[in-house]
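A.B. asks: The structure under discussion is supplied below as structure tokens; questions concerning it will follow.
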């Protein structure tokens with residue numbers, strides 16, 4: 001993970017999503033944003049969904065739940081790809097991330113201590129798609145997969161929703177202001193998690 005919160009999706013894409021979100025499809029679009037982040041989009045999506053939370057400030061927690069639903073569905077898609085197409089489709093993706101060693105270690109750890117491993121993947125900067133793909137390839141039980149992903153990702157979305165409910169539009173500015181600290185903290189968590197996988201799995 002090399003992006004910070006200041007590296008945003010294209011502004012035209014952000015504006016288009018914000019425009020769509022003003023209509024009756026607000027919550028379905030929130031689900032879509034969560035789905036994209038949980039599946040194929042690897043850049044931070046906060047610049048897209050924080051303004052959506054601000055639009056529904058008093059119900060920001062509902063936006064968080066919609067994002068969470070989409071995120072779990074996106075994770076399920078990658079889980080299925082990991083289970084069905086690991087060799088043909090996932091190996092190029094793993095190579096693109098430069099994460100073969102981490103993927104192999106994660107695969108082994110998932111077979112030994114799956115729930116805790118998946119939970120950590122959901123709350124650290126560990127490449128989420130790599131982790132859930134490994135869960136599929138490892139044949140991790142689907143219901144436990146959903147529980148681990150939902151519980152870990154809810155921490156992130158609900159924490160941001162609470163921040164929006166407290167400070168409104170200032171939430172994104174605060175996250176940008178402290179993006180380096182957030183990144184460093186996340187990378188430290190990731191480094192500890194990766195060390196655990198490689199040396200203690």
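A.B. asks: Contact list please: Cβ distance under 8 Å, first residue in region 152-163 and surrounded by fewer than 16 Cβ atoms within 10 Å (Cβ to Cβ), second residue assigned to a helix (DSSP H, G or I), pairs at least six apart or on different chains.
C.D. replies: Listed by first residue and then by second, the contacts come to 155/122; 155/123; 162/60; 162/61.
A.B. asks: Can you find even one residue in region 61-79 that is farther than 15 Å from residue 138 by Cβ, outside any helix (DSSP H, G or I) and out of contact with any helix residue (DSSP H, G or I) (no Cβ under 6 Å at 6 or more places or on another chain)?
C.D. replies: No, the conditions are met nowhere in region 61-79.
A.B. asks: Does residue 48 satisfy the condition of being touching a helix residue (DSSP H, G or I) at 6+ places or on another chain (Cβ under 8 Å), more than 30 Å from residue 22 (Cα to Cα) and either crowded, with 17+ Cβ neighbours inside 10 Å or modelled with pLDDT of 85 or more (or both)?
C.D. replies: The answer is no for residue 48.
A.B. asks: Oh, and also: What tally of residues in region 57-71 results from selecting those that are buried (at least 24 other Cβ atoms within 10 Å of the Cβ) and within 15 Å of residue 163 (Cα to Cα)?
C.D. replies: 3
A.B. asks: Right, here's the next one. At pLDDT 85 or above, surrounded by 14 or more Cβ atoms within 10 Å (Cβ to Cβ) and in a helix (DSSP H, G or I) - does that describe any residue in region 11-20?
C.D. replies: No - not one qualifying residue is present in region 11-20.
A.B. asks: For region 122-145, which positions are in contact with a helix residue (DSSP H, G or I) (Cβ under 6 Å, 6 or more places away or on another chain), in a helix (DSSP H, G or I) and in contact (Cβ under 8 Å) with a residue 40 or more places away in the chain?
C.D. replies: If the condition is that a residue be in contact with a helix residue (DSSP H, G or I) (Cβ under 6 Å, 6 or more places away or on another chain), in a helix (DSSP H, G or I) and in contact (Cβ under 8 Å) with a residue 40 or more places away in the chain, then 123, 129, 132, 133, 134, 135, 136, 137, 145 are the ones that fit.
A.B. asks: Specify the residue that is surrounded by the most Cβ atoms within 10 Å (Cβ to Cβ); the eligible residues are those in region 73-121 that are free of Cβ contacts under 8 Å to residues at least 24 places away in the same chain and within 22 Å of residue 35 (Cβ to Cβ).
C.D. replies: 85
The values are calculated or read from the model by the stated rules, or taken from the named source; none is laboratory data. These numbers were taken from a predicted model, which means no experiment stands behind them. Glycine also receives a Cβ, built like all others from the backbone with ideal geometry; neighbour counts cover every protein chain displayed.
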